[in-house]
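Data first, discussion second: the structure below is written as structure tokens.
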Amino acid sequence: MKALLMEEYKKLNYTDFPEPKIEDTQDILVRIKAVAICGSDIHGFDGSTGRRKPPIIMGHEAAGEVVAVGKDVSKFKPGDRVTFDSTIFCGHCAFCLAGQFNLCDNRMVIGVSCDEYRRHGAYAEYLAIPQRVCCHLPEGLSWEEAAMTEPAAVAAHAFRITPYSLNENIAVVGCGLIGLLLIDILKNAVSGKIIALDIDPARRQAALLRGAAAAIDPQDADCGKKIAEMTAGRGADRVYEVVGASEPIQTAVAITRKGGSVTLVGNVSPKIELPLQAVVSRQISLFGSCAISGEYPLVLDLMGRKKIDVKSLISKTAPLSEGEAWMNKLYNRTENLLKVVLMP
């Protein structure tokens with residue numbers, strides 16, 4: 001098969017690669033029809049994360065058609081249109097049995113190569129995966145849209161783990177892909193105001209178009225005052241931080257009301273500076289949101305009913321053979337691209 005192999009850092013080669021085999025009776029073989037370039041792959045492209053060690057076929061945001069199934073597969077058959085969780089969970093550890101698949105003791109992520117394991121991903125024509133991580137696609141959902149299920153599910157998981165009461169005001173710090181998808185989910189679920197914060201004017205405008213009541217530049221000297229005016233002087237009840245760096249996390253804490261919460265979704269920086277006294281003295285709860293834990297059926301239903309609009313977030317579709325060029329554009333930020341989807 002053809003695959004986009006990272007042979008060394010910053011070097012992707014469109015090349016021949018052995019086709020994966022069904023090695024487990026519960027596995028299915030999927031012909032990949034669309035695979036999106038994830039921000040984690042962009043950060044892994046230069047080796048900075050330590051989780052994409054060459055040689056590796058990256059890619060985990062994908063959808064495709066089932067072409068073969070193991071003898072014990074009961075939920076899928078050849079010809080089915082599917083997408084799949086990026087996390088391969090074991091299904092039998094204590095966390096899996098509790099339904100916390102994202103915390104699985106034996107967790108592996110598709111397209112990741114680290115000290116513990118190497119699992120080739122979906123920048124390829126075929127991928128073999130366990131049926132337990134797969135879901136059928138709703139009618140009418142295109143391959144390109146279906147490849148966006150994973151980031152939509154990441155946003156949905158962050159929402160599901162955050163406590164929320166009727167008519168609370170919500171702020172989203174960072175309006176990149178996950179932040180905008182989170183706004184889509186919030187507008188379908190909450191009754192209070194949704195406030196977006198981003199330093200990029202285009203992303204603030206995108207947040208407004210998706211239903212945010214206001215979009216504010218966090219570097220604006222009056223940012224805190226504006227949020228206070230919208231929240232009866234208290235601050236946002238629940239805040240999602242979707243960047244993962246010191247400054248936006250400090251912003252998130254600063255705009256949260258006393259007794260409120262901040263859900264940390266972004267994961268760019270391994271360490272950050274936390275305003276500890278503000279967190280402690282104002283009794284702010286911090287929640288860490290890791291990946292996905294069963295949200296695929298939820299977001300596929302919302303996407304199928306166009307309650308989550310992923311199509312407008314796709315900046316470009318291109319052949320898999322052009323993957324290195326588009327990865328470089330995303331890495332170097334030479335164009336204003338939000339999401340690029342590759343077609344094997």
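What is the pair-distance distribution P(r) of the range 130-239, computed from all Cα-Cα distances in 10 Å bins starting at 0, with each bin given as a whole percent? Binned Cα distances yield the sequence 14, 41, 29, 12, 4, 0.
Loop-only check: which GluC sites (Glu not before Pro) in the range 233-326 are DSSP coil with at most 16 other Cβ within 10 angstrom?
Values: sites: Glu241, Glu273, Glu295, Glu322, Glu324; in loops: Glu273, Glu295.
In loop regions of the range 233-326 (DSSP not H, G, I, E or B), the sparsely surrounded GluC sites (Glu not before Pro) are Glu273.
Placing unit charges on C-beta atoms (Lys and Arg positive, Asp and Glu negative, everything else neutral), compute the dipole magnitude of the chain about its Cα centre in debye, rounded to 20. Write down the numbers at each step before the final one.
Details: 39 positive and 40 negative charges, 140 e Å.
So the dipole magnitude of the chain works out to roughly 680 debye.
Restricted to Cα atoms, the range 231-344 shows a radius of gyration and a Dmax of 18.4, 54 angstrom. Per atom type, the range 90-173 shows carbon and sulfur on 49% of its accessible surface, probed at 1.4 Å. Note on the range 76-121: along the principal axes its Cα atoms extend 33, 27, 12 Å, ordered by decreasing extent.
Based on the Cα gyration tensor of the range 171-220, what are the three equivalent ellipsoid semi-axes, each the root of five times an eigenvalue, rounded to whole Å and given largest first?
Working: eigenvalues 54, 23, 14 Å².
Gyration-tensor ellipsoid for the range 171-220: 16, 11, 8 Å.
Accessible area per residue was computed with a 1.4 Å probe on protein heavy atoms; His136 scores about 90 Å².
If you count only protein heavy atoms with a 1.4 Å probe, what accessible area per residue comes out for the chain, rounded to a whole Å²? Spell out each step's value before the answer.
Details: 15070 Å² over 344 residues.
Roughly 44 Å² per residue, with all protein chains present.
Computed from phi, the 3J(HN,Hα) profile of the range 150-158 under the Karplus parametrisation 6.51, -1.76, 1.60 (θ = phi - 60°) reads 4, x, 5, 5, 4, 5, 5, 5, 4 Hz, with x in place of Gly and Pro. For the chain, take the alpha-carbon Rg, divide it by the Kirkwood Rh, and send me Rg/Rh. Taking Rg over the Kirkwood Rh, I get 0.97.
Annotation for the range 1-92: GluC sites (Glu not before Pro) lying in DSSP loop with at most 13 further Cβ atoms inside 10 Å of their Cβ are Glu23. Dividing the convex hull volume of the alpha-carbon atoms in the range 287-344 by its residue count gives 145 Å³ per residue.
The values are calculated or read from the model by the stated rules, or taken from the named source; none is laboratory data. Remember, it's a predicted structure, so these values are computed and weren't measured experimentally. Positions of Cβ are generated from backbone atoms using ideal geometry, with glycine treated the same way; all protein chains shown enter the neighbour counts. What goes into the accessible areas is simple: the full protein's heavy atoms, side chains included, and nothing from ligands, DNA or RNA. Shrake-Rupley method; radii C 1.70, N 1.55, O 1.52, S 1.80 Å.
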